[in-house]
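The values are calculated or read from the model by the stated rules, or taken from the named source; none is laboratory data. The shown structure was predicted, so the numbers you read here are calculated from the model rather than taken from an experiment. Please note: Cβ atoms are built from the backbone with ideal geometry, for glycine as well, and neighbour counts cover all protein chains shown. Calculation scope for accessible area: heavy atoms of the full protein, side chains included, ligands and nucleic acids excluded. Shrake-Rupley method; radii C 1.70, N 1.55, O 1.52, S 1.80 Å.
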Amino acid sequence: MDTYKIILEAHSGIAYVALATLLVASVNSLIGLSAKNEFNPKDRRIALFALIATHIQFVFGLILYFVSPNGLAKIKAVGMGGMSAFDRLLAVEHPLVNLIAIVLVTIGWSTHKKAENSNTKFKKIAIFYSIGLLLLLLRIPWQTWLS
């Protein structure tokens, strides 16, 4: 198996972990917010695991962008005007929107640490992680990922 295939399989496999941990962290924060719970170490760990999973996913995605025939190589080969909608999704939209999602998750983590009370901590994580999760789900190339 070549390097490209290994990285592609890792990127696809870690995606399940990243999406699941983001979903759990978002739901946990929404529950904590609505129940007016205290933000405890368990809540912190859940949010941290989601942050770590998304960052690991991003690193594999970044590597994949440079070694994949569907990433930077595709843009160089045919130019932006010569790409199909699916090629554009893989080469431009998926990486860009996912980068924005990872930045939002990171902002959620950073701002929750500065928050003084549990309500604000849960709110920061719920908002930023949920928006990040939504963006990730919107730009997954479902036709290739589920096949």
- Would you check which residues across the range 27-54 are more than 13 Å from the chain's Cα centre (by Cα) and polar (S, T, N, Q) and list them? N28, S29, S34, N37, N40
- Query: Among (1) more than 24 Å from F122 (Cα to Cα); (2) modelled with pLDDT of 90 or more; (3) surrounded by fewer than 16 Cβ atoms within 10 Å (Cβ to Cβ), which single condition is K42 missing?
  - Reply: (1)
- Query: In the range 1-27, how many residues are open to solvent by less than 40 Å² (accessible area, probe 1.4 Å) and either touching a residue at least 60 places away in the same chain (Cβ under 8 Å) or of a type in the set (S, T, Y) (or both)?
  - Reply: 9
- Given the conditions (1) modelled with pLDDT of 95 or more; (2) in a helix (DSSP H, G or I), every one holds for N37 apart from (2)
- Query: open to solvent by 60 Å² or more (accessible area, probe 1.4 Å), under 23 Å from V17 (Cα atoms), part of a helix (DSSP H, G or I) and not acidic (D, E): does that describe I125?
  - Reply: no
- Note on the structure: Considering residues that are open to solvent by 60 Å² or more (accessible area, probe 1.4 Å) and either in contact (Cβ under 8 Å) with a residue 24 or more places away in the chain or β-branched (V, I, T) (or both), the number found within the range 70-85 is 1
- Can you give me the number of residues within the range 76-122 that are in contact with a Lys or Arg (Cβ under 9 Å, 6 or more places away or on another chain), in a helix (DSSP H, G or I), modelled with pLDDT under 95 and aliphatic (A, V, I, L, M)? 4
